[in-house]
Structure formats: C-alpha cells, structure tokens
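Each reported figure results from applying straightforward, stated rules to the coordinates on display, with no laboratory input. Only a predicted model underlies this, so the values are computations on that prediction, with no experimental measurement involved. We place every Cβ from the backbone using ideal geometry, glycine too, and count neighbours over all the protein chains shown.
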Amino acid sequence: MKKISAEQVRADFNDLLSVVHYTRAAHELGLWASERALIERFFPDRTAALIEAGCGAGRVTLGLWQLGYRQLTAFDFAAELVDQARSLAIERQADGISFLHADATTLASCHPINDKPFDGALFMFNGLMQIPGRANRRAALQQLHAVCAPGAPLLFTTHDRDSSPTERALWRLETLRWTRGDQDPRLVEFGDRYFEDESGRTFMHLPDRREILEDLAATGWRHTFDAMRSTIAKETRAVRDFSDECRFWSAQRGA
C-alpha cells in the first residue's frame, strides 16, 4: 500500500465533498473569534502586504479583507479550492486580492511571489500539518521565510498530541501500534492520521509542542507565542462543530 503523498492530499482537497465542505465554511463561517483576535494582535498594520498559505476556498482571505487588509496574496495547491476563493472574492467585490495556484514547498520559485518580500504570513486551519512528511513541512516553513521580510510575523495552527488526557491515551496506543508495526501502512511517520468523514478524506499530522519549536528554529523562525484556541476566545457552536481544539502559533522571521 502506498504512503500518503502530496499528490494524494491534493486529490483529496480537489474532491467534490471537500470542495463543498470548505466552500460552505468560506461563505457561512468566516473568521473565528480566536483568529480575529490574533490577526489583529500580530498584524496591526492594515496596509501590510500579507501572504496566506493554504487559503482553501477563501474563508480567512475574505475575513482579512473584511477587516481592512488590502495587500493580500493567497494561494493553495488545490486548484478547485482556489477557483472557489476567486469566485467568493468576486461575489463580495473584494477587488485586488491575488489568488495563486501554488505549492507551499516550492513557493519561492513562483514568479508573482518573488518580486517583493511580504510583511507577514499566515497558514491557518492546520494547513501546514496537512503536508505529509516533516522534511516537507520544514520546506514550506523555509519557503515562507524566503518570501517574507526580516521581522515578519507568521501565524499558523496545529493540533496537539498532548492537549488532553484523552489525546495522550490515544497516542500511547498508537505508539504501541508503531512499535509492533501495526500502524496504518499509508502513514508516513508517527503523528500522522488519515481518515474519512462526511467532508471527505483528510490527512493530518498531529505534532507535539517540542516538534514545532524544533521546526521553527530549524527554518529561521523565532517562536513568539503559542496557546490553545480555547484560552484565546470563546468560539461559536458553528466553529466548534467545524474544527476541533487546536493550538495557535506565532513566530517572527529572522534576518
């Protein structure tokens, strides 16, 4: 059985079930309270040139626009989702947003990207963790580092294997599976999950906190903040139904 690859993840995101799921969220859900609080905290300058990785159907991108940010570049490697984001921007008359079909792991080679450094970057709703392979996730962090100016903030989210007693118990069982070699053969490394529900098939890597701190340090980002979503803001039922608890991270680009 083949290991999960970027091509499989892309195909899953381009699948109709996934496109409908993320498009509905973009149209109906908008920014979470926690996202808005941290965006306004770490990106106080509404004139800043921002880049959003893994923009999907435009939920966060259009939320940024509604907050007054006007220099926005957003990209995703799933072409169907990018098309939905463009359509939503047209519907809401959000002129001037640059939407691109691009891969976070090769971003710096994208011609419209490499002209001028960005003042900040976002990689929301666990998008970074949907890249299979730690080396590839580090490549994405390095690419964002390459297109951002020194001192630029980065905001992203992950799940957390240590976030609750239940999670810790589940991962102790998963450790035993990997020790015995009984894990899902499609998984690339410990911490991976691949599952299917009403919104389609989803690959997700669940790190622990130390892993992310190591990845930031290895890719030129200085950790500045992290906290679980529930400690940042109280979310609506709709948000909680859409997304489980997650950890927010902020880092700053080194020189």
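Key figures for this structure:
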| quantity | calculated |
| --- | --- |
| Looking only at the stretch 190-210, and only at residues there that are touching a residue at least 24 places away in the same chain (Cβ under 8 Å) and either over 19 Å from the mean Cα position of the chain (by Cα) or in a helix (DSSP H, G or I) (or both), the one that is nearest to D15 (Cα to Cα) | E198 |
| Exclusive hit being surrounded by fewer than 19 Cβ atoms within 10 Å (Cβ to Cβ), free of Cβ contacts under 8 Å to residues at least 60 places away in the same chain and hydrophobic (A, V, I, L, M, F, W, C), set C110, C55 | C110 |
| Filter result (surrounded by 14 or more Cβ atoms within 10 Å (Cβ to Cβ), under 16 Å from the mean Cα position of the chain (by Cα) and not in a helix (DSSP H, G or I)) within the stretch 222-255 | D226, M228, S243, E245, C246, R247, F248, W249, S250, A251 |
| Qualifying residue in the stretch 117-130 (condition: within 24 Å of Y22 (Cα to Cα), polar (S, T, N, Q) and either surrounded by 20 or more Cβ atoms within 10 Å (Cβ to Cβ) or in contact (Cβ under 8 Å) with a residue 24 or more places away in the chain (or both)) | yes |
| Residue satisfying condition, being free of Cβ contacts under 8 Å to residues at least 60 places away in the same chain and surrounded by fewer than 23 Cβ atoms within 10 Å (Cβ to Cβ), within set A85, A89 | A89 |
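Yes/no matrix, rows are residues, columns are (1) touching a Leu at 6+ places or on another chain (Cβ under 9 Å); (2) surrounded by 24 or more Cβ atoms within 10 Å (Cβ to Cβ); (3) touching a residue at least 40 places away in the same chain (Cβ under 8 Å); (4) of a type in the set (S, T, Y):
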| site | (1), (2), (3), (4) |
| --- | --- |
| Y22 | yes, yes, yes, yes |
| A25 | no, no, yes, no |
| L29 | no, no, yes, no |
| S34 | no, no, yes, yes |
| R46 | yes, no, no, no |
| L50 | yes, yes, yes, no |
| R59 | yes, yes, yes, no |
| Q66 | yes, no, no, no |
